[in-house]
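S.K.: My questions will all concern the structure given below.
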């Protein structure tokens, strides 16, 4: 009977330590995720600095767009599997609206305390023929995992105006 009681106490202490360590990781991960997402300077799409080039010599117009997106990891853990989804919507000839590009790129990981500028390249897509261009709007979504992949985050930049 004495050995069974010692074994139970060892198991209780082990479970207590495991629970405490997971709680600490969760609290630190949640606090640093809030720290990253609460400051708008940590994830930036600059209002200028992007480039748009297009070739209108052939029948289909071929366009290329490059947009830099800056991300600062000010938290305790690495940002893992950072992925950026990019959708371009064009309004032309009064009220005609069409999605001209949709794609995503994976940029890997950002270590804790580091920052980076990731250039999303939308290359070689075609747009319909138009006489007047009203607007080009980008919808950008940044995905990633945080806090030892326990937290998945998603940031949306909706209707970001891009004009050639």
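S.K.: Which of the strands (runs of 3 or more DSSP E) contained wholly in segment 111-164 include at least 3 residues that are buried (at least 16 other Cβ atoms within 10 Å of the Cβ) and modelled with pLDDT of 85 or more?
M.R.: Result: 133-146.
S.K.: Are there any pairs, at least 6 apart or on different chains, whose C-beta atoms fall under 8 Å, with the first in segment 109-120 and at positive phi and without any contact (Cβ under 8 Å) to a residue 24 or more places away in the chain and the second surrounded by 13 or more Cβ atoms within 10 Å (Cβ to Cβ) and in a strand (DSSP E or B), and if so, which?
M.R.: Pairs found: none.
S.K.: Only one of 71, 99 is out of contact with any helix residue (DSSP H, G or I) (no Cβ under 8 Å at 6 or more places or on another chain), at pLDDT below 85 and either exposed (fewer than 12 other Cβ atoms within 10 Å of the Cβ) or under 15 Å from residue 153 (Cβ atoms) (or both). Can you tell me which?
M.R.: 71
S.K.: Could I ask something else about it? With the requirement that a residue be exposed (fewer than 11 other Cβ atoms within 10 Å of the Cβ), modelled with pLDDT of 70 or more and either part of a loop (DSSP other than H, G, I, E, B) or touching a helix residue (DSSP H, G or I) at 6+ places or on another chain (Cβ under 9 Å) (or both), what does segment 1-55 give you?
M.R.: 41
The values are calculated or read from the model by the stated rules, or taken from the named source; none is laboratory data. All values derive from a computational prediction rather than experimental measurement. Every residue, glycine as well, gets a Cβ built from its backbone with ideal geometry; the counts of neighbours run over all protein chains shown.
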